[in-house]
Amino acid sequence: NAGVTQTPKFRILKIGQSMTLQCAQDMNHNYMYWYRQDPGMGLKLIYYSVGAGITDKGEVPNGYNVSRSTTEDFPLRLELAAPSQTSVYFCASSYSRAESPLHFGNGTRLTVT
Amino acid sequence: EDKVVQSPLSLVVHEGDTVTLNCSYEVTNFRSLLWYKQEKKAPTFLFMLTSSGIEKKSGRLSSILDKKELFSILNITATQTGDSAVYLCAVGHSGGGADGLTFGKGTHLIIQP
């Protein structure tokens with residue numbers, strides 16, 4: 001019963017490096033999301049997807065890219081890491097956007113120095 | 001602009017006390033209100049409310065929604081140290097042809113032994 005699986009759990013990047021955060025879900029959910037969480041600031045939506053091949057920007061998309069080639073996978077790409085991207089990143093999935101609970105992955109703690 | 005406000009932002013009580021956490025909202029076309037508990041890792045789902053006046057209950061936790069006054073409360077009775085967490089409120093809504101989900105900043109609850 002895996003649910004939402006995120007990798008890696010931790011990562012330290014140098015400024016200007018790039019990386020991909022992986023996210024996979026096995027619940028056949030159409031909706032997938034990437035959030036970032038900074039201390040005291042709640043969850044901010046980076047990107048979301050309503051199904052394979054369809055992605056859309058959230059509140060804070062700058063500096064990130066996503067793709068959704070399959071229902072299961074929703075990777076998040078950081079191209080040129082900046083200190084402002086130091087955060088905890090959560091991937092989530094749901095059956096619908098406005099009327100069903102989100103299932104979260106365990107998060108990736110990213111530090112950019 | 002869709003808005004979800006939680007209060008208080010932080011709360012420290014003693015074990016055995018009862019606490020009430022608040023969530024008020026202003027959104028276009030309300031669809032649902034969800035409560036999550038977040039300890040060290042990912043938020044975990046507690047309740048989803050869609051109808052006014054119907055209490056949802058799970059053990060010592062209960063929640064109710066008032067769609068006329070646009071708020072919800074989460075009650076925890078006989079608190080235990082394991083209840084220490086950030087409690088997040090999120091509101092599902094629709095408007096402009098798209099569904100949305102807006103999170104509050106959370107209430108950081110600390111239960112002292």
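Through the Karplus equation 6.51 cos²θ - 1.76 cosθ + 1.60, θ set to phi - 60°, convert the phi angles of segment A:16-21 into ³J(HN,Hα) values in whole Hz; use x for Gly and Pro.
x, 6, 10, 6, 10, 8
Compute the relative contact order of chain A as a whole-number percentage, counting only Cα pairs closer than 8 Å that sit 6 or more residues apart in sequence.
Working: 294 pairs, mean separation 40.4, N = 113.
Relative contact order of chain A: 36 percent.
Can you give the accessible area per residue of chain B, in Å², using a 1.4 Å probe?
Working: 5550 Å² over 113 residues.
Here the residues of chain B average 49 Å² of exposed surface.
Report in % the part of the accessible area of the protein assembly as shown that belongs to carbon and sulfur, leaving out ligands and nucleic acids; probe 1.4 Å. Walk me through the numbers on the way to the answer.
Values: 5490 of 11000 Å².
After summing per-atom areas, the C and S share lands at 50 percent.
Can you give the net charge of the other residues whose Cβ lies under 13 Å from the Cβ of A:Gln17, counting K and R as +1 and D and E as -1? If you can, show how the numbers build up before the last one.
Working: positive: A:Arg11, A:Lys14, A:Arg77; negative: A:Glu79.
Result for the neighbourhood of A:Gln17: +2.
Would you jot down the residues in segment A:85-113 that end up with at least 20 Å² less accessible area in the complete protein assembly than in the chain alone, with a 1.4 Å probe?
A:Phe90, A:Arg97, A:Ala98, A:Glu99, A:Pro101, A:Leu102, A:Phe104, A:Asn106
Please state, rounded to one decimal and in Å, the Kirkwood hydrodynamic radius that segment B:3-112 gives when every pair of distinct Cα atoms enters the mean of 1/r.
On the way: mean 1/r = 0.0712 Å⁻¹.
About 14.0 Å for segment B:3-112.
Buried accessible area for the B:A pair, summed, 1.4 Å probe, in Å² rounded to 100? Before the final figure, lay out the partial values.
Numbers: alone 6330 and 6250 Å², together 11000 Å².
Buried area (both sides, nearest 100 Å²): 1600 Å².
Determine the per residue accessible area of chain A with all protein chains present and a 1.4 angstrom probe, expressed in square angstrom. Let's see the in-between values first.
On the way: 5440 Å² over 113 residues.
Normalised by residue count, the accessible surface of chain A is 48 Å².
The values are calculated or read from the model by the stated rules, or taken from the named source; none is laboratory data. In this text, all values refer to a predicted model and were calculated from it rather than measured experimentally. Note that we place each Cβ from the backbone using ideal geometry, even for glycine, and neighbour counts take in every protein chain shown. Please note that ligands, DNA and RNA were not included when accessible areas were found on the heavy atoms of the full protein model with its side chains. Shrake-Rupley method; radii C 1.70, N 1.55, O 1.52, S 1.80 Å.
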